[in-house]
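Only one structure is covered here, and it is reproduced in the block below.
Only the coordinates and a few stated rules stand behind these numbers; no lab work does. Here the structure is a predicted model, which means the values were calculated and not measured. Positions of Cβ are backbone-derived with ideal geometry, glycine not excepted, and every protein chain shown enters the neighbour counts.
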Amino acid sequence: MKVTETKLKGCFIIEPTVFKDARGYFFESFNQPKFEALTGASGHFVQDNQSASTYGVVRGLHLQKGEHAQAKLVRVIEGRVLDVAVDVREGSETYGQWVSVELTAENNLQLYIPRGFAHGFSVLSETAVFAYKCDNGYNKESEGGIRYNDPTLGIDWGIPAGDENISEKDAVLPFFK
């Protein structure tokens, strides 16, 4: 497993070691002791989630606040997405900055997003199956978010304007400022 820290402290791109032969492939999608040793983050996840989406869907930017904040380990099982993490940790040197990583079923990359970040993704393929682990359970009262097209953040979601498919809930999230 290869781990690379992004420009946002505590946010890592994880590339598993893939073993391929004529029959197909095998890789460890998660190994808690290795994860903890290479990232310094807790590998104690309590919930796994999965979603299926079609081209143009943008989900996010979402977060859980306070004691219900969540770290996430995200990956794509089928298709291709642009995954985005935004640092919303007050006082952080990279507050308001974001990173994006293309996650695909072929590259098997994962992104670890620590607590204190907003998260979202856009679907770049015809369909995509997205899976992620959370280190804390979901709590409706602790929901937060930022509008996907926030002009201050200026995120390029890789979807032409007008082709985005946004939920009603995400379309009215507040702007970053």
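A few points about this structure:
- Considering residues of segment 1-33 that are assigned to a loop (DSSP other than H, G, I, E, B) and aromatic (Phe, Trp, Tyr) only, the residue surrounded by the most Cβ atoms within 10 Å (Cβ to Cβ): Phe30
- Every condition in (1) farther than 20 Å from Phe176 by Cβ; (2) among the aliphatic types (A, V, I, L, M); (3) in contact (Cβ under 8 Å) with a residue 40 or more places away in the chain; (4) surrounded by 13 or more Cβ atoms within 10 Å (Cβ to Cβ) is met by Val46 except one, and the failing one is (4).
Listed here are the residues, each with its yes/no results for (1) closer than 25 Å to Phe176 by Cα; (2) assigned to a strand (DSSP E or B).
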residue	(1), (2)
Phe35	no, no
Ala41	no, no
Val58	yes, yes
Glu67	yes, no
Val76	no, yes
Val84	yes, yes
Gly96	yes, no
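- Pairs with Cβ under 6 Å, 6+ apart, first in segment 154-177 and assigned to a loop (DSSP other than H, G, I, E, B), second surrounded by fewer than 16 Cβ atoms within 10 Å (Cβ to Cβ) and among the β-branched types (Val, Ile, Thr): Phe176/Thr152; Lys177/Thr152
- Across segment 82-95, the number of residues qualifying as touching a residue at least 40 places away in the same chain (Cβ under 8 Å), surrounded by 15 or more Cβ atoms within 10 Å (Cβ to Cβ) and touching a Lys or Arg at 6+ places or on another chain (Cβ under 9 Å) comes to 4.
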